[in-house]
Amino acid sequence: MQKLSDFGVLPIAYTPQVIHYLYIRAHITKSKAGAAIDEFPPNRTLFVVNIPPDATERELITLFSKPGTVERVAFAGHDRVEGFVDEETSDEEAAESLNMEEMEINDDGDDSPSRKKKNEKPKAAIPKIIPLPTVSLRHLRRTGSIGHLIFTSPQGLASVLSLPESALPLTWPKFKAASAAEPSGLAHYLAKYRSLRPALSAVKEHADSSMEVYEHKQALANRNTSKYRKGDAIVDEDGFTLVTRGGAYGQTLGGGVGVASKKFTQEIASGKRNRKKKSSKKDGFYAFQVREKKIQEQISLKKKFDAERSKVEKAKQGRKFRPY
Amino acid sequence: MARLKGKSNEKNVSKTQNQPQKRGERIRHSQKNGRADAMDLDSPSGSGSESEDESTTDAGSSDGEMIKSGEFHAKKDDPEEQTQNKDNKANVQGVRALPSAQELKEIFEASELYQSNTFKLQIDDLLPSVSPKSSQTSRAPLDAFLLALHEHLMNSANATSSRTKKSKSKLKNTVWQVPHSPQSPIALAEALLLESNIAVPFPSPAPTNDTKWTFKYLPPESIVVIGSWAANLSVKHQDKADFGVDIAVAIPTELLQEKDYLNDRYFHKRALYLACLAASIKSAFSVDLEYDSPIDDIRMSCLVLRPQKGSEYDWTKMHACIRIIPVQPADSPIPGSRIAPTSSNLRIAASATGSEAQMTIPTPHSNTLLALSQMQTQTTHLIAIHNFSTSIPQFAPAARLLRVWANQRGFGKGKVDCVRGFENMGAWWGWLIGYLVEGGERLPINAASKGLSKKKTLARLGRGLSSYQLFRGALDFLSHHDFEQEPVFMKTVAGEHKFPPSSWLSTKRPVFIDPTSTINLLEGVPLGSLNLLRLEATQALKVLDRTSEETFSPTFLVDLREPCSRFDVLLTVNLDGVQARVEDGLEILDRGSYISFVTSSIDNVLRRALGNRVKAIVTIHPTSPGRPISQSQPSSRSSLKLGLVLDPDHAFRLIDRGPAVDAPQPTIDEFRELWGDKAELRRFADGSIVECVVWESEGDRTEIPTRIVKHVLARHFNIKKIREVQSAFGQLTEQPRSALRLMSESSTIGGYKSAMQAFDELVKTIKGMDLPLSLVACLPCAEELRYTSVFGSSPIPLNRLHRLPECIKYIPVYDAVLQFEKSARWPDDLGAIQKLKLAWFETIAREFTNKLDGSHARIAMDALASPVEDGAAVEVVLATGYAFRLRIYHDREKFLLERAIEDKTLQPFQRMDAERGLAVHTQRFLDSPRHHSAIVNVHRRHPGFSPAVRLVKRWFAAHLLSNTIPPELIELLCAYVFLRPDPQVTPNTGSTGFARTISFLSNWDWRREYLAVPLYGIAGEDATKDILLSQDTRKSMSAAFEERRTRDPGMNSGAWHIATEQDVTGVWWCKDGRGPVSMIADRVTALAKASVQVIQHGLDSSLNVKALFHHPMDGYDFVIHLEPSVLPRYAQNVLPDETLWTSSLKNVNIQAGDSSSPLVGFDPARELLEDLQRVYGDTIAFFYDYLGGTVIGCSWNPLVRQAKPFRALLGYSMKPEGSKKVRGNLSIARMSPEAVSKGHVVLNEDAILCEISRMGLGLIKEIVKQTF
C-alpha cells in the first residue's frame, strides 16, 4: 500500500474507471492513561479519512468484509445540525456516561424522528416516552469527513493495514435496489418525505408520553427545590425577613422580599444610571470662553467642509463627474 | 482650483503643510500662498469657466496631497469669488489656523445656496466636463478655421482672386467655378450635382422646369457665429456628439424677393444657396461635409463641417462641428408681417376647394421657420442671451446644469431615444432661465382666457441666486407650469408685443414667445413631451428635497433615457404603409413632410383617446443623423416609439364614457369618429344613457392602455405593425396552458384570488374548532398569498392528482403562523413546548379531517431540527388542491432561547442549538409575517409591483440563482425600486418595473452602497406620498452597514445590504449565509448588465423576451442534467417540453400514488440540491433554478483545485497528486515516488462526480464535465 505521510492510501473503485481514495491509519489514543473505557479500543480501531459522504455503516462493513469483520463504525464530526444531545441531558444525573457509547452508535443514519426518540431517555420508575416510528435513512455527511472503524479483533485491523497490492483497489459495494435498506436518490427523498410525516396516532402517543415525562420531572424538581412559595416573605425564627435578589420581574422563584435586580446593580456599578449632575462650571461666563467656543465652532465647520471636499475628491476619482 | 494647482504646485509640494509647528513657518507659508493666489487672479484668463488645463493632469498627485494636508487656500480661486485683498486674510488665517471670513462665507454659502457643500463641489466638478475646452491651444485650430472660412466665403464670388492664393491654405486644384449668370434652379442643381456631386436639399414640392425664378450665387452678406457657442453656453451632447458651432450665413438681399415667403420659395432658394456654399467649401477646404435636417424638416437643412484628421485645420480636439445655416439678411425683402402666427404662407396648388378659405388658414409652423431663418432674429437672440449672462451672474452655470439634467432625460440630441420636439431646443433652457429671472411681457388684461394670469410682475427668480438655486427654480417652474393653458411671453426687446397675444393662442400649441416677439420657441414641441418634462421636473425636485441622501448623481449623472424602464407602455410603431384617416393637405405642407404630419397627429389622437389614463404620451426617436451631401432628402423614419406614462388611478378602467345620448350631435359624432365601431350606447346603473367604449378585461387589465393605442392607431392611421413587450413578458409568469388544462378542469380556478379564498376558508375552519385556546390570528407568510410568487396559484384538485404525470404534479405549500391566546399553562421548557405543540397539531389535524371533507391533514416534522427549536407543523391539504403548513407561535420561546444562549452553564453546542433555534424562531414567527404584510401593502399601493416582482423572480431563477438568493430579498429589491423610483416616476406595469429593477441591479454598487427601503412606513399612506426615513433610522442603518463591511470585508454573507425600518441591520434574510455572497452579487451585476444590453439593443430589432431568460451554460465546470419527467415542477420551466405531459401519460406514478397522502411541496430536485450544498458547499458552487430547472450548473472552488499537502481534515475528497488516470482495466494507478514523498493531494473530481450521481440516483440523467 502507498503511504502518504503516516497514512496508508487505500484506493476504492467506485466504478472500474473512478477511484476514490481512503486514507487509513491505526487509531492512536490520546486519552490519559487513567481512562478506563476508551471509546475506541486502541488496537482494533482504524482511523479513516475521506469517507464517502453518502456511505452507510452497512456499506463500510461490506467494503472491509474481506480483510476483517467490522464491529461498528463511528462517523466523526459533530455536525451541529445533527446534534443529538438534548438540553435535558445536562439536567439529568450522572448516569449519562453509560449511555454515551450507545448514543455514538446511533448517531449514523440519524434523522429527526429517531433523534426525538433518543432525547427522552428512559428513567427508572418514571413514565416512558414512546418514540416516533423511525425509518433508516441514508445520512449524508460533509465531503472529506473522517471516522473510526472498530474491528472485532486486532487481526482485522492489521490485515487492513497490510492489504497486498493485488487486493487493491477494493470495490465499493453496491446493493440491489430492492434490498437496499437505505435507498439513495429519488427513492431516498420519497422515503424521507414519508418518514417525516408519521401517523397521527404515533405523534399523539409520542407527544402525550413526552409531556408525562416532563411533568414527572417537573414535579420531581419542584419537590427538591423549595418549601417556600412564591411571593411569600420568608421570616426566620428570629423575625428576620430573608431578602433575595429579584429576577426579571422583581420576584424570585423561591420567594422572599426582592431587592434590586442584578441588572440594576450592575448599572449602578457601571455608572450608567448616574443622574446628570449640573456641572458647576459655567460656559460662556468669560469672554474668552465665548471666543474660544466660536473659534472651535469655526474650526469644526472648516473641518467638516474639508472632509466633504475630500469625499467629493474621492468620488471624482471613481466617476469623474462625466455625466455621459 | 485647477489654475492654482497648475501654478503654485512647485511651492506647495515641497512643504509639509500638516499643522506647521512654528508660528514663523506658518506665516511664511501662508504668505506664499497668498501671493500665488494674487498672481492667479491677475492672470488674464477671465473666462469664468474652469478649464481642464493640460497642466492639471500632471499635477494630479500633488493635488491629492494638498487636499489631504488640509490646504486652506485651495478654495480661494473659485471662479465666482470676488477679488479681495487676499494677502491680509491669509496672514490672519495662518496665525490663527482659523478659516478666514471669506472662507466662512463660502462655507455658509455652499450650504445655504447649494443645498450642501458636497453638492456645490460636485457641481464645480461637473461643469468643466460638459463645457468645451477653453484653453487657447485647443481652440486655436478652430478659430483659425473659422477665420479662414469667413475669408473664403466672403470672397467666394471671385474664385480665382488673388486673395485665395495669398491665404496660406492649400487650395484644391478643382476650384468650384461660381456661376455668374442667373440660372433656373433645376439647371443650377444639375450643375452642382454634375460638377461637385452635391445634391440640393429642396423641400418638396421641389422646383420644376416651369419654375419662373432664377438664382445665382453671390457671396454672403454677412457671417455671424450664433447660438450656444457664441454665447459660451455650449453643453456637451449625449452619445459623444460634437459641440455645434452655429454659423449664420446671410443670403444676399439681391437673391430674395418679397414674394419668397409663398409656398416655401424662400426655402428653395435657401437650399440652393446652401448647396452652393457646400460646393464652395468643398473645393476650398479639406473638411468632411454633410447635410443635417433637424427634426426631420428638410427646410431647416444645414451644412455640417467636420475636421479631417491631420488636415491643416484639424480641430478634432475641440470635439466640435461647424453648422452652416443660411438665413435671410437683415434687410430681407420678405415682409415682417408674413411671419405672424396667423398669416397663411402656403397654398395648395390647383385645389378644388375655394382658395379664399385657404388664404385664411394660418400656417404657423412654416411661419416660425421663416422667422427663425432671419439674421435679425439670430442677432437679437445673441444679444439677449449676452445680456442675461452679464446681468445674471450665475446664468451660464445654471443653464448648463439645466441642460445636463435635460440631456440625461432625452430632452436633447442623442443617438437613441430622444424625446420628440427637443432635438433643437438647446437654447431654450437658457431662455427659460432668462425668462424666470427677467420676467415676461405682461398680457393685456382683457386677453384673459381662463388661464392667463393677471399677475403684475412675472419675474420669479432673483438675479443674484446661485446656479443651483436658479436650476431649482427652473425645475420648480417646469413642474408647475402648464404650457397648454398658460402661454409664456418673454420680455420683448421692443417693449411690446409684435403680434397680438391672442393670435399665438389661436395656434393651439404650447406657447413660449422669444424676446423678438416673433417666434414661438415651443412650436413643434408636442404637448406630450412637455407633460413628460413636467413629470421629470417634479420627480427631480423630490430628489433634491431629500437632502439627507445622495442627490447629485440621480439628478445629473444618471442616464435615464432607456425607454423600456422609463415608460409604462412602450410601443414600437412601424410606419410602413401609414395612411392617416383624416388628411389635411395644408397641414402636411406646413409640417414639411407626411411623416411629420402623421407623428404630430398621432400625438393628438392618442391624447384624446387615452385622456386621463396617461400622464404623458411621447414619441421618442433618435436624433436625425446627418447625410452625405450627395443625398438631397433625409432618409425617412420607418418606425418610431411611443412611450406612455400611466396614471395608475385611471389607466386600467374598463369603460370610457363619452357624451350622453342627448348631447349635441357634433360631440357624439366626434366621439364615434374617434372610436369607430368600438363606440356603443349603454345604459348605466345610475340611469344615464351614454356613449361609451368598453374594454372587456381578458385577464390582464394592465394591457388595456396598450389595446387602446393599438385600436386607435389601426383605425386612424392604418398602422398594424406594432411591437410591444408587455404581453410577451406576461407569458413568462404563466404555466403552459396545456399543463393547466390537465391540472384542473375549469380554467377559472386559480390565480391569487382563489388562493386567498382558500386561506380564508382555512382560517374560518380553525376558528370553528373546539380547541383549548382560541385562535387570535393566523398570519400568512407565503409568496402566493402576497402576490409575489412567480406563478399565480394553479391548484390541482386532489381527485385529479394521482392521474397526472409526474412532471406537473407539484402542489406548493403555503406557510402560515397560528397565534393562540396567551396562557400560563405552557411549560417553561423549550423541549416540552415542542412536544406540546405536537399535541396541538394532532388535535388540529384530527379536527380538519373531520370538518373538511376530502381534505388531508398530517404532521410534518422538520428534518434536522434540534429538540429546542420549532420543529414541526401541521400540513393541511384541501380537496381543491391548496396546501398549507401551519405552525404555532409561542412568544415565550424567544425569551427561553435567549436565556439559553446567555446561560454559561450549558454546553457550547447546546447554546449553539439555542442560537440556531432563535434564528429559526425569529425568522419564522416574527420576520416573515411582518415582511409578508408589508409586501402586501406595497402591492396595494402600486399595481405594477406584483407583476414586476414576479418577472424579476423569474429572471433570477432562470439564471440559476434561486438557491443563492432568498425570495424575500428580491421582493425588497423590487420594493425599493417602486418606493424609491427617483429620479423617475414609479413604474406602473410589470415590464417597466422589471426593466427598472434590472437596470438598477446593473448599476448598484453594492460594495459601497446599501439600500434603505422605506417598507414599513407605507402602511395606510397615500400612494403619491413620499415615505421618508427618519434621520435616526438612516444613521443606524449606515452604522450597521459600516460595521458589517468592516467585520466581513470579503462579503461572505450579505453582499447586498438591504435594510428596512424594522430591520435596520439588514440581516433578516441574510442569516445562515442565506444572502448572496460577493461572488453571487458580482454575477448578478454581470447578468443584469448583459440583460440591460439585450433590452437596449433588442428593442431596435425584435426583442425576443425569452432571450432575457436564457442562461448560457458554458461557463460552468460541470453541469448536472436532471431527468425532467420526474421533476414535479417541470411545467414551470422557462422553455418546457410540453410533450412530456401531453403525449405520454405512461410515466404516471412511479411512486405509489395513493390519494390518501398526496405529496405536497415535494420537490426532490430542491432536496438534492440542498443536500449537495450541505455536503460539497466548500468544494463546489451550485446554481439551480427551482422553477422546474433541469440543469444544475456547478463550479469548483478554485482554492480546492490546487494541490495541497495532505492533512486529515482538508474537508474535501482528495487523491494523491500524480496518480494517473486509470484506463480501462483495474490496474491501480501508480504514483510517482516524488509526488508521494511530497505528500501532496489534489481534488478527486471524478470520484466526487460519481458520488453525486449516486446521491441523485433516479433524478440525475447525466453529468457533463466542461472543464478538465
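The values are calculated or read from the model by the stated rules, or taken from the named source; none is laboratory data. Keep in mind that what you see is a predicted model, and the values were worked out from it rather than measured. Using ideal geometry, Cβ is built from the backbone for each residue, glycine included, and neighbour counts are taken over all protein chains shown. The area values use the complete protein model at the heavy-atom level, side chains included, leaving out ligands, DNA and RNA. Shrake-Rupley method; radii C 1.70, N 1.55, O 1.52, S 1.80 Å.
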**Q.** Low-density loop cleavage sites - GluC sites (Glu not before Pro) in region B:1016-1118, where at most 16 other Cβ are within 10 Å (DSSP)
**A.** B:Glu1021
**Q.** Peptides B:1194-1201, B:280-287 ordered by average Cβ neighbours within 10 Å, highest first
**A.** B:280-287, B:1194-1201
Q | Residues along region B:850-865 losing 50 Å² or more of accessible surface when the other protein chains are present rather than the chain by itself (probe 1.4 Å) | A | B:Ile859, B:Met861, B:Ala863, B:Leu864
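Could you compute the net charge surrounding B:Thr1024? Neighbours are other residues with a C-beta less than 11 Å from the C-beta of B:Thr1024; K and R count +1, D and E count -1.
Numbers: positive: B:Lys542, B:Arg941, B:Lys1025; negative: B:Asp647, B:Asp649, B:Glu1021, B:Asp1022, B:Asp1026.
That works out to -2.
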**Q.** Per-bin percent of Cα-Cα distances, region B:565-625 [5 Å]
**A.** 3, 14, 24, 25, 19, 11, 4, 0
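With a sphere of radius 12 Å drawn around the Cβ of B:Phe671, what net charge do the other residues whose Cβ falls strictly inside it have (Lys, Arg +1; Asp, Glu -1)?
Result for the neighbourhood of B:Phe671: -2.
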Q. Counting only protein heavy atoms and rolling a 1.4 Å probe, how much accessible area do A and B lose on contact, total for both sides, in Å² to 100?
A. 9300 Å²
Q: Kindly provide the GluC sites (Glu not before Pro) of region B:746-846 that DSSP labels as loop, not H, G, I, E or B, and whose Cβ sees at most 13 other Cβ atoms within 10 Å.
A: B:Glu821
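For peptide A:204-211, what's the mean number of Cβ atoms from other chains within 10 Å of each residue's Cβ?
Average neighbour count from other chains, rounded to a whole number: 5.
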Q. Residues of region B:740-934: accessible area per residue at 1.4 Å, in Å²?
A. 39 Å²
Q: Per residue of B:1256-1265, count partner chain C-beta atoms within 10 Å of its C-beta, then hand back the mean as an integer.
A: 3
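Scan region B:785-883 for trypsin sites (Lys or Arg not before Pro) in coil per DSSP, keeping those whose Cβ has at most 16 other Cβ atoms within 10 Å, and list them by number. Before the final figure, lay out each step's value.
Numbers: sites: B:Arg786, B:Arg800, B:Arg803, B:Lys809, B:Lys822, B:Arg825, B:Lys835, B:Lys837, B:Arg846, B:Lys851, B:Arg858; in loops: B:Arg803, B:Lys809, B:Lys822, B:Arg825.
When the trypsin sites (Lys or Arg not before Pro) of region B:785-883 are filtered for loop state and at most 16 Cβ neighbours within 10 Å, B:Arg803, B:Lys822, B:Arg825 remain.
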**Q.** Under the Debye formula (equal points on every Cα, no solvent term), log10 I(q)/I(0) of region B:740-934 at q = 0.10, 0.11, 0.17 Å⁻¹
**A.** -0.46, -0.55, -1.14
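When Lys and Arg each count +1 and Asp and Glu each count -1, what net charge do the other residues less than 11 Å away from B:Ala958, Cβ to Cβ, add up to?
On the way: positive: B:Lys953, B:Arg954, B:Lys1106; negative: B:Asp1185.
Around B:Ala958, the charge tally is +2.
Please work out the ratio of the alpha-carbon Rg of region B:790-875 to 2.2 N^0.38 Å and round it to two decimals.
Details: Rg = 16.3 Å, N = 86, 2.2 N^0.38 = 12.0 Å.
For region B:790-875, the normalised Cα radius of gyration is 1.37.
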